[in-house]
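What follows is a single structure, written as structure tokens, with notes after it.
The values are calculated or read from the model by the stated rules, or taken from the named source; none is laboratory data. Note that the coordinates shown come from a computational prediction; the quantities given were computed from them, not determined experimentally. Cβ: placed from backbone, ideal geometry, glycine included. Neighbour counts: every protein chain shown.
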Amino acid sequence: MKNILLSASLMCADFKNLGNVLYTLESEGIDIIHVDIMDGHFVPNIALSPIIISSIKDATYLPFDAHLMLDDPSFILDPLLDTNIETITFHLETIKGKAFRLIDWIKKKDRKVGVAINPETPLEEGEYIYPLVDKVTIMTVDPGFTGQKFIEEMIKKIEKLNRIKRENSYKFFIEVDGGINRESFKKVIESGAQILVLGSTSLFSSKNLKENIEGIKGIIKSYEN
Ligand code: DX5
Ligand code: ZN
């Protein structure tokens, strides 16, 4: 029996109504709040920030995971670690020459570390980091924007990552981010995804969050066995 975790992509939420959104996500059994942080350079968009995290963090008991889409994640680590955030996920493409220092920095503060991998980046490039991280995120769209189409070729990549994980007894969770919805749930779960980031085309596809969550949970339950 698999236990799939659901992570809510906060940038897709109705910000006019954020207190109620957080309450519903928690009470309806969402597992994680996913916070996209961008620099307008690594990806051509700007989204959320450590200031937003500190202002809403104590409105919910749910753990937060910051997805850093930044050319240089180092400059934001201290402000992020000053919040009570549980997980920090940087991009493999942005940590050349500083990966071990960054991981150490985060681990020393007792937080979890994730690494996200762009669709065109081969898994082999991350081999050195898999034994050290708590989560590996396969980007199933090009990062930076909500509402993009799931890239089918990523299924093979998830399967391959799952094989690497099993063969080496690595402990990391496998997460998928981008275009995850009822069209893609079955294939990503069957190929080994354990955490699903849910955004504009699933969890936040309509205002009725409670109904959306019930629908998603119902579908996912049938794939968990
Ligand atoms: C994309 C972000 C995602 C995004 C997912 O760059 O990392 O977290 O919000 O949302 P959808 O489901 O709209 O692709
Ligand atoms: Zn994300």
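Of note:
- LEU203 fulfils the conditions (1) more than 16 Å from ligand 1 (Cβ to nearest atom); (2) aliphatic (A, V, I, L, M); (3) touching a residue at least 40 places away in the same chain (Cβ under 8 Å); (4) not in a helix (DSSP H, G or I) except for a single criterion, (1).
- Per-region count, the stretch 205-214, residues buried (at least 17 other Cβ atoms within 10 Å of the Cβ) and either within 13 Å of ligand 2 (Cβ to nearest atom) or at pLDDT below 95 (or both): 0
- Restricting the stretch 185-200 to residues that are in a helix (DSSP H, G or I) and not charged (D, E, K, R), the residue that is nearest to ASN212 (Cα to Cα): PHE185
- Residues within the stretch 107-129 that are more than 23 Å from LYS187 (Cα to Cα) and either touching a residue at least 60 places away in the same chain (Cβ under 8 Å) or part of a loop (DSSP other than H, G, I, E, B) (or both), tallied: 6
- Leading residue by the ranking (surrounded by the most Cβ atoms within 10 Å (Cβ to Cβ)) among those in the stretch 137-184 that are within 12 Å of ligand 1 (Cβ to nearest atom) and either part of a helix (DSSP H, G or I) or of a type in the set (Gly, Ala, Ser) (or both): GLY178
- Close pairs from the stretch 63-76: first touching a residue at least 24 places away in the same chain (Cβ under 8 Å) and under 16 Å from LYS112 (Cβ atoms), partner acidic (Asp, Glu) and surrounded by fewer than 18 Cβ atoms within 10 Å (Cβ to Cβ), Cβ under 6 Å, at least 6 apart: PRO63/GLU86; PHE64/GLU86
- Any hit, the stretch 12-27, residues being closer than 18 Å to PRO79 by Cβ and without any contact (Cβ under 8 Å) to a residue 60 or more places away in the chain: no
Listed here are the residues, each with its yes/no results for (1) away from ligand 2 (no atom under 16 Å from the Cβ); (2) surrounded by fewer than 17 Cβ atoms within 10 Å (Cβ to Cβ); (3) under 22 Å from ILE117 (Cα atoms).
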| residue | (1), (2), (3) |
| --- | --- |
| LEU25 | no, no, no |
| ILE37 | no, no, yes |
| LEU48 | no, no, yes |
| ILE56 | yes, no, no |
